[in-house]
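Colleague: The structure under discussion is supplied below as structure tokens; questions concerning it will follow.
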Amino acid sequence: RIQLDRRDPGVRQCLRNCEDMHRSLMRLFHGSRQEAGVLYRVSNETMKVYLLSEQKPQAENAVSGMFVSGIKDTSTLENNFRIGTCYDFDILVSPSKKVSMAGCKNSRRRLLRTAQERLDWMTRKSRQSGFEIQFMQEEIQPTLYGRHGAEQGGKMYWSVVRFTGCLKIIDSSKFHTSWKQGIGPGRAYGLGMLLLRAKL
């Protein structure tokens, strides 16, 4: 868990630009995001970042305004990933499809237009990820903006939807993989990380 100090200019810049947030968080690790196994979720309400990684974060490398405020071993949670186990879940994703743009080399992602399309997208992803959804609701979130270097396309944005609900594990191996690797596009920018709470 990383606490953010909104008074810090660097933190405010990271909240405006998801590429800067990604770059700042990766200073805590060695190698690429994939090598470090990093997923994260930014909470603008609590000014915290919840981060999952294979490597232990190097707190001394944190940038100004970011403080590692807690580290928890998730192995006990992961050992309970069994078929039939249910969890409340919370995830930010970008249910989208690639659309070709006239005059552009690269296609762009467009948010699926209807709630039913987005529901179908999340249902399909859940099956691929080893769980089925018991119930779910969506909440459209503010667009996530960032900027690459010009050679990588410059400006970028992610249309974001928050899904909350209850899931049941149907394939423990696939579920463990999705927990570790995330779901959907934009995982380098705070999307795709499952937040779980065990059902009582």
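Colleague: At a 1.4 Å probe radius, carbon and sulfur cover how many percent of the accessible area of the chain? Each step should come with its number before you reach the end.
Modeller: On the way: 5410 of 11460 Å².
On the chain, the fraction of accessible area on carbon and sulfur atoms equals 47 percent.
Colleague: Among C18, T164, L77, whose Cα projects farthest towards the positive end of the dipole of the chain, with charges put on the beta-carbon of Lys, Arg (+1) and Asp, Glu (-1)?
Modeller: The one lying farthest along the dipole's positive direction is C18.
Colleague: Shifting gears a bit: List the aspartates and glutamates whose alpha-carbon lies under 19 Å from that of K56, not counting same-chain residues fewer than 8 positions away?
Modeller: Partners within reach: E35, D73, E78.
Colleague: Mind scanning K98/K168; K98/K125; K98/K155; K48/K72; K125/K168; K48/K125 and naming the pairs with a C-alpha gap bigger than 22 Å?
Modeller: Numbers: K98/K168 30 Å; K98/K125 16 Å; K98/K155 16 Å; K48/K72 15 Å; K125/K168 14 Å; K48/K125 27 Å.
Going by Cα-Cα distance, K98/K168; K48/K125 fall outside the 22 Å limit.
Colleague: 7 Å from Cα along Cα→Cβ at both K174 and I140: what's the point-to-point distance in nm?
Modeller: My value for the distance between the label points is 3.1 nm.
Colleague: What does the helix-only formula give at 222 nm for the chain: each DSSP H stretch with n ≥ 4 adding -39500 (n - 2.57), the total divided by the residues, and the result rounded to the nearest 500 deg cm²/dmol? Each step should come with its number before you reach the end.
Modeller: Numbers: 6 runs with 50 residues, N = 200.
Per the formula, -7000 deg cm²/dmol.
Colleague: Continuing with the same structure: Using a 1.4 Å probe, how large is the accessible area of H22, given in Å² and rounded to the nearest 10?
Modeller: Answer for H22: close to 40 Å² accessible.
Colleague: Further question: Would you please give the residues with an amide H less than 5 Å from that of L112, counting only those at least 5 places away or on a separate chain, with H modeled from the backbone geometry?
Modeller: Residues meeting the criterion, in which the H sits 1.01 Å from N, are S96, K97.
Colleague: Roughly how many Å² is the accessible area per residue of region 33-72, as a whole number, for a 1.4 Å probe? Kindly include the intermediate steps, with their values, before the conclusion.
Modeller: Details: 2260 Å² over 40 residues.
Per residue, region 33-72 has 56 Å² of solvent-accessible surface.
Colleague: By its C-alpha gyration tensor, with a ≥ b ≥ c as the square roots of the eigenvalues, how is the chain shaped: rounded for a/c under 1.5, else prolate for a/b larger than b/c, else oblate? Before the final figure, lay out each step's value.
Modeller: Values: a/c = 1.74, a/b = 1.09, b/c = 1.59.
Verdict is oblate for the chain.
Colleague: Report ³J(HN,Hα) in whole Hz for each residue of region 77-87, in order, from the Karplus equation J = 6.51 cos²θ - 1.76 cosθ + 1.60 where θ = phi - 60°; Gly and Pro get x.
Modeller: 4, 5, 5, 9, 6, 10, 4, x, 6, 10, 9
The values are calculated or read from the model by the stated rules, or taken from the named source; none is laboratory data. Keep in mind the model is a prediction, meaning the values are calculated, not measured. Neighbour counts are summed over all protein chains in view; Cβ atoms, including those assigned to glycine, are modelled from backbone coordinates with ideal geometry. All accessible areas refer to the heavy atoms of the entire protein, side chains included, with ligands and DNA or RNA removed. Shrake-Rupley method; radii C 1.70, N 1.55, O 1.52, S 1.80 Å.
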